[in-house]
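The values are calculated or read from the model by the stated rules, or taken from the named source; none is laboratory data. Quantities reported herein were computed from a predicted structural model and do not represent experimental measurements. Glycine also receives a Cβ, built like all others from the backbone with ideal geometry; neighbour counts cover every protein chain displayed.
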């Protein structure tokens with residue numbers, strides 16, 4: 001991967017991270033078209049730090065409130081007793097606990113299935129499948145369920161379900177925002193509040209993943225054939241940060257007026273296009289699970 005290709009992937013990351021279309025799927029697909037191979041989980045995780053820095057900048061006031069109230073309650077500054085320490089009567093402190101609860105599923109799954117996530121699940125046939133399925137699911141859920149709940153009405157069960165939606169984003173093609181937004185809409189949350197929860201809840205998981213991958217890359221980045229070097233990788237991260245900030249603004253304005261139907265249709269179209277390119281041999285499914293998954297998908301794709 002050269003400097004220009006790294007910048008292009010940073011731009012792709014910024015344009016797709018917050019939308020329910022799966023940034024990891026787009027990085028995987030565009031990377032395959034440019035490099036004829038996977039850009040790699042390490043490069044992908046590191047450039048995601050840029051888009052998460054944009055989230056922190058945009059939601060900085062919310063984040064400061066959550067952290068100050070959470071620490072204040074935890075250390076007894078806002079009341080006495082264990083219930084007060086756990087945020088009873090303080091919505092910002094309670095939301096801090098909900099973020100922790102929502103982060104647990106992706107943390108546990110990420111540790112238990114790290115090898116599978118970095119290899120088998122990056123197969124493009126799997127990406128095609130989940131792009132299609134979650135596109136349809138997002139379309140149906142957003143159209144069917146009313147907007148009746150806000151963040152103020154969240155409870156620990158809702159936080160856990162949001163977390164399960166985020167956990168599924170470990171599969172390229174699901175989309176972190178797509179998974180959490182779909183689960184949020186299914187629980188009756190408004191489009192704007194589902195997005196807000198999705199963005200803020202992603203911060204610990206994405207930063208944790210990015211930092212771990214960065215540390216690992218310091219030691220073994222030379223073993224990754226497509227790692228472009230730290231200069232290009234950091235430049236791509238900066239691009240994802242700057243462009244990503246403006247994408248957040250545009251996306252929040254969009255969902256305050258329109259549904260997610262356009263994103264669902266886009267996911268379905270991309271899934272069909274990638275399936276055709278895989279069948280034509282323009283894209284290679286790899287890694288190792290390609291043959292097994294292709295044998296299942298090929299008859300379906302042939303009918304389509």
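Couple of notes before you dig in:
- Qualifying position, being without any contact (Cβ under 8 Å) to a residue 24 or more places away in the chain, under 25 Å from residue 27 (Cβ atoms) and under 20 Å from the mean Cα position of the chain (by Cα), among 111, 106, 181: 111
- Within the range 220-250, the set of residues being touching a helix residue (DSSP H, G or I) at 6+ places or on another chain (Cβ under 7 Å) and closer than 24 Å to residue 150 by Cα comprises 245, 247, 248.
- Flag for residue 257 being without any contact (Cβ under 8 Å) to a residue 12 or more places away in the chain and over 20 Å from residue 106 (Cα atoms): yes
- Filter result (part of a helix (DSSP H, G or I) and crowded, with 24+ Cβ neighbours inside 10 Å) within the range 13-27: 13, 14, 23, 24, 25, 27
- Yes/no for residue 150 being surrounded by fewer than 21 Cβ atoms within 10 Å (Cβ to Cβ) and over 18 Å from the mean Cα position of the chain (by Cα): yes
- Answer from 149, 144 - the residue that is over 26 Å from residue 14 (Cα atoms), in contact with a strand residue (DSSP E or B) (Cβ under 6 Å, 6 or more places away or on another chain) and modelled with pLDDT of 90 or more: 149
- Residue that is at pLDDT below 90, within 15 Å of the chain's Cα centre (by Cα), crowded, with 21+ Cβ neighbours inside 10 Å and part of a helix (DSSP H, G or I), where the choices are 93, 45: 45
- Matching helices (runs of 4 or more DSSP H) fully within the range 196-304 where at least 2 residues are farther than 30 Å from residue 165 by Cβ and at pLDDT below 80: 290-303
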